[in-house]
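Asks: Let me begin by handing over the structure; questions about it come next.
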Amino acid sequence: MSSVKDWTASVIKQAEIDKYLDGGKDFIDEEQIFADIEKYKNPDKQQVRDILQKSLDIKILTPAETATLLNVEDPELLHEMQEAALEVKKKVYDNRIVFFAPLYLSNLCVNSCKYCGFRAENKDEVRHVLTMDEVRDEVAAVIDEGHKRMIAVYGEHPKNGADYIADSISTIYSVKRTTPTGNGFNNIRRVNVNAAPMEIADMKKLWRAGIGTFQVFQETYHRGRYAELHPANTVKGNYRWRLYAMHRAMEAGVDDVAIGALFGLYDWKFDVMGLVHHAWDLEKHFGIGPHTVSFPRMQPAPGSFLSEHSPYIVSDEAMKRVVSVLRLAIPYSGLIVTARENPDLKRDLINHYGCTQTDASSKLGIGAYAKKLKQEENPDKVQFMLGDQRSLDEVIRELAHDGMITSFCTAGYRCGRTGDKIMNLLEKGVEGKFCKLNAVLTFREYLNDYASPETREIGEKLIAQELQEIENMPFFTDKKLLPTFRSYYDRIARGERDLYM
Ligand code: SAM
Ligand code: SF4
């Protein structure tokens, strides 16, 4: 391909968009969304309580029901919503929190999104694509923190297209590190990817390389605002190519897909509605919704005026409502809060509003893990500034103190429990039971291999409570799971690794 311009022109396959349109229209009907937000203002108490009950039965809410919840202003009802959201989380995910580490592999990008430090127009950004040797060094440093799950992140550029991404996934899986205590080895057992939307043939390459979840954020579902932020002559300027990225991923066989919107770009109620419509359209075409939903909040980005001066900046209070409504509207999906947020809000969103996954010890600079660079030390290679730079050990300790057990479980996709299979199990509360066992097994590994003495002290108490609960749960006895679980637990305590149910 002769130039980046030619490459850009070749990316979008119109036929792969058209097949999912309905009478030429996509699934975001802006007039309908605005009308729903208007129509369900000042909702009746009983109506809200009926909707909460539906969520508690782990049923996805309709857009009209979502709009009703978005319009709740009565403090008593808001409190009931928060409690219901937490109960839904307990039903599906119990007291588990899943940890992952982001790994930025390339900041080369052909696009110019106005909120991002990687945008092509930002000439101060020092560009680099990690070589596979550098990927190995980065992964080794991440594993040495105790991580077992990773999300690999890439700009959009021919130098880091699908072949590079597939190679890097294989490279990440190939790195094994002896644990600090010499008890076996640790490795990354699930590689999720956040990258630009791809055509189906490219998605298949990632599938063959062993991708976990494929994640793409729509940024904003509002077309006009989207067009203002993403220049039309860039790949990302094509709203529908992005809107159907997950449909193509599913068609390619990647059945764990993750959606999200960047909060702060547009009205937050509109974008929550967009996410719910997205979940419904995936259900409509594939019988299964998103594996996770993200609601990153825009952070200051090098050289970006918009990132600090958007008219749609979302307050902490509004973020709490975003999370409650999403937890209730798409009750089976994981909800991710990242280290973009400050430690207090992050803790609150996990403990009191239903978030189920987070990252820690995160570094966004290209090559920053191996060099142990803080973000202040390489501001010219980061995408945006993090609100929480604490170590994995510190965050695990804080949440264990709050009664949340850390899970590094990656059994699901290795046992074929992905896509609709895992969603059905989650809806019925069955997958959660396997997760409980695997959370204990992986937390046992972490406490043995990486925990500081302070974290181990809190962690041991928590694990003892979990073991007692497991022994007393009829589900495990009925399914004859206990003998295997006990034997795995003992074998891990003796030094074996990566045993899962
Ligand atoms: N380049 C790919 C894309 O845009 O889809 C994937 C990587 S991009 C680095 C991942 C996500 O970072 C984007 O989808 C966007 O939502 C988020 N992001 C960009 N700028 C941000 C900022 N200033 N604050 C918080 N998140 C940001
Ligand atoms: Fe490139 Fe993604 Fe940043 Fe946009 S958000 S400039 S596509 S890296």
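No value in this document is a laboratory result; all are computed from the given coordinates. Everything quoted here is computed from the prediction, not taken from an experiment. All Cβ positions, even for glycine, are placed from backbone atoms using ideal geometry, and neighbour counts span all protein chains on display.
Asks: Mind checking the range 18-79 for GluC sites (Glu not before Pro) that DSSP puts in a loop (not H, G, I, E or B) and that have at most 15 other Cβ atoms within 10 Å? Walk me through the numbers on the way to the answer.
Replies: On the way: sites: E30, E31, E38, E65, E73, E76; in loops: E73.
Loop-located and lightly packed - E73.
Asks: If you don't mind, another one. Under a point-charge model restricted to the Cβ atoms of Lys and Arg (+1) and Asp and Glu (-1), what is the dipole moment magnitude of the range 221-334 relative to its Cα centre, in debye to the nearest 20?
Replies: The calculated dipole for the range 221-334 is roughly 160 debye.
Asks: Compute the separation of the alpha-carbon centres of the range 313-349 and the range 388-402 and state it in Å as a whole number.
Replies: 18
Asks: Then there's this: Using the eigenvalues of the Cα gyration tensor, what equivalent ellipsoid semi-axes result for the range 265-405 when each is taken as the square root of five times the eigenvalue, whole Å, largest first? Please report the intermediate quantities before stating the final value.
Replies: Details: eigenvalues 141, 81, 45 Å².
The three semi-axes for the range 265-405 are 27, 20, 15 Å.
Asks: In what sequence do L482, L441 fall when counting other Cβ within 10 Å, fewest first? It would help to have the intermediate numbers written out before the result.
Replies: Numbers: L482 15, L441 23.
By the 10 Å Cβ count, ascending: L482, L441.
Asks: Over the chain, what is the relative contact order in whole percent, taking alpha-carbon pairs under 8 Å and six or more residues apart?
Replies: Values: 914 pairs, mean separation 94.5, N = 501.
Relative contact order for the chain comes out at 19 percent.
Asks: For every other residue with a beta carbon closer than 11 angstrom to the beta carbon of I151, add +1 if it is Lys or Arg and -1 if Asp or Glu, then tell me the sum.
Replies: Values: positive: R149, R190; negative: D359.
In short, +1.
Asks: What do you get for Rg/Rh of the chain when both radii come from the Cα atoms and Rh is the Kirkwood radius? Intermediate values should be presented prior to the final figure.
Replies: Details: Rg = 21.8 Å, Rh = 23.1 Å.
Result: Rg/Rh = 0.95.
Asks: Here's another thing I want to ask about it. If you place +1 on the Cβ of every Lys and Arg and -1 on the Cβ of every Asp and Glu, how big does the dipole about the Cα centre of the chain come out, in debye to the nearest 20? Intermediate results must be reported in sequence, preceding the final value.
Replies: Details: 66 positive and 74 negative charges, 267 e Å.
Computed charge dipole of the chain: roughly 1280 debye.
Asks: Show log10 I(q)/I(0) for the range 425-494 at q = 0.13, 0.14 Å⁻¹, two decimals, from a solvent-free Debye sum over equal Cα scatterers.
Replies: The calculated log intensity ratios at q = 0.13, 0.14 Å⁻¹ are -0.39, -0.45.
Asks: On to the next question. Please go through the residue pairs K436/K479; K54/K269; K13/K148; K236/K346; K41/K320 and name each one whose alpha carbons sit more than 24 Å apart in this structure.
Replies: Numbers: K436/K479 14 Å; K54/K269 21 Å; K13/K148 35 Å; K236/K346 30 Å; K41/K320 19 Å.
Checking Cα-Cα distances, K13/K148; K236/K346 exceed 24 Å.
Asks: Report the local net charge at W241: Lys and Arg +1, Asp and Glu -1, summed over other residues whose C-beta lies under 10 Å from its C-beta.
Replies: +3
Asks: Quick one: net charge of Q14's neighbours, Cβ under 12 Å, K/R +1, D/E -1? Walk me through the numbers before you get to the answer.
Replies: Values: positive: K13, K19, R240; negative: E16, D18, E199.
Combined, the nearby Lys, Arg, Asp and Glu give 0.
Asks: For the range 1-63 and the range 64-119, what is the centre-to-centre distance using only Cα atoms, to the nearest Å?
Replies: 16
Asks: Let me ask something additional. How would you rank R491, R225, going from fewest to most other Cβ atoms within 10 Å of each one's own Cβ? Show your work: numbers first, answer last.
Replies: Working: R491 13, R225 17.
Fewest-to-most ranking of R491, R225: R491, R225.
Asks: I want to verify the translational diffusion coefficient of the range 128-191 in µm²/s; compute it with Stokes-Einstein, Rh as the Kirkwood radius over Cα pairs, at 4 °C and 1.567 mPa s.
Replies: The Stokes-Einstein estimate is 105 µm²/s.
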